[in-house]
1. Under the definition of partner shielding as Cβ atoms of other protein chains within 10 Å of a residue Cβ, what is the mean value for peptide A:37-43?
2. If you place +1 on the Cβ of every Lys and Arg and -1 on the Cβ of every Asp and Glu, how big does the dipole about the Cα centre of the protein assembly as shown come out, in debye to the nearest 20?
3. Report the relative contact order of chain B, percent, no decimals, based on alpha-carbon pairs under 8 angstrom and at least 6 residues apart.
4. Could you tell me whether region A:1-76 comes out rounded, prolate or oblate from its Cα gyration tensor? Rule is a ≥ b ≥ c as square roots of the eigenvalues, rounded for a/c under 1.5, then prolate if a/b exceeds b/c, otherwise oblate.
5. Projecting each Cα onto the charge dipole of the protein assembly as shown (Lys/Arg +1, Asp/Glu -1 at the beta carbon, about the Cα centre), which of B:PHE67, A:GLY58, A:SER7 comes out farthest on the positive side?
6. Rounded to the nearest 0.05, what FRET efficiency do A:SER65 and B:SER96 have when you use their Cβ-Cβ distance and R0 = 35 Å?
7. Of the cross-linked pairs A:LYS70/B:LYS101; A:LYS13/A:LYS53; A:LYS3/B:LYS58, which ones have a Cα-Cα span greater than 25 Å in the structure shown?
8. What's the FRET efficiency of A:MET54 with A:LYS18 using the Cβ-Cβ distance as r and R₀ = 25 Å, to the nearest 0.05?
Amino acid sequence: DVKVTQSSRYLVKRTGEKVFLECVQDMDHENMFWYRQDPGLGLRLIYFSYDVKMKEKGDIPEGYSVSREKKERFSLILESASTNQTSMYLCASSFLSSNQPQHFGDGTRLSIL
Amino acid sequence: AQSVTQLGSHVSVSEGALVLLRCNYSSSVPPYLFWYVQYPNQGLQLLLKYTSAATLVKGINGFEAEFKKSETSFHLTKPSAHMSDAAEYFCAVSYSGNTGKLIFGQGTTLQVKP
């Protein structure tokens, strides 16, 4: 089975802190994705990557950056955390093909105080 | 622009009743379609997928969905609801050449009453 592992299930940080969310997949997937999920807004794509050191902006990249130094690992960085970034963050991975599903981690519930 | 619409943000059924969750997509090219389920405080789990083979697709937990090109729909059904089916359900679409990006619907929360 595909395993997508997010480093933390729950995280509490303070405004202005630099926050790192880590995601690791074990299926040699080319694609990796970061979403945030908020009530009533569904899933919104923040960034995705289709190869090592490659990244593409999603729908809401402002206030975030990403890093992909190794194929299996994709990090989401909040450069200076703000309270409006309190959310559920979901990582996913997939093969580089339109007909393949994405596989999701269990999510990180991030609170910015 | 390509989009996915899930009709009804909340659906409530009685245990043992038919479950019907609606999904319509907009597209001028053949889509690939997916249904996911999300239980509280968990990630999304793939229920089933349509990738241009049989139009009736069977998934896990007794769910199935039928691709209807003429109606641009991919509704999810289950003949008899179980309490454990209570969750949020997402429909998603991809297209050839989209390299794996998915467009998600807004989600439908299924409540199952005893």
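Readers should treat all values here as calculations from the given coordinates under stated rules, not as data from a laboratory. Source: prediction; values computed, not measured. Neighbour counts run over all protein chains shown; Cβ positions are idealised from the backbone, glycine included.
1. 5
2. For the protein assembly as shown, the charge dipole is close to 180 debye.
3. 37
4. Rounded, since a/c falls under 1.5.
5. A:GLY58
6. In this case the efficiency is close to 0.70.
7. Listed pairs above 25 Å: A:LYS13/A:LYS53.
8. With a Förster radius of 25 Å, E is 0.65.
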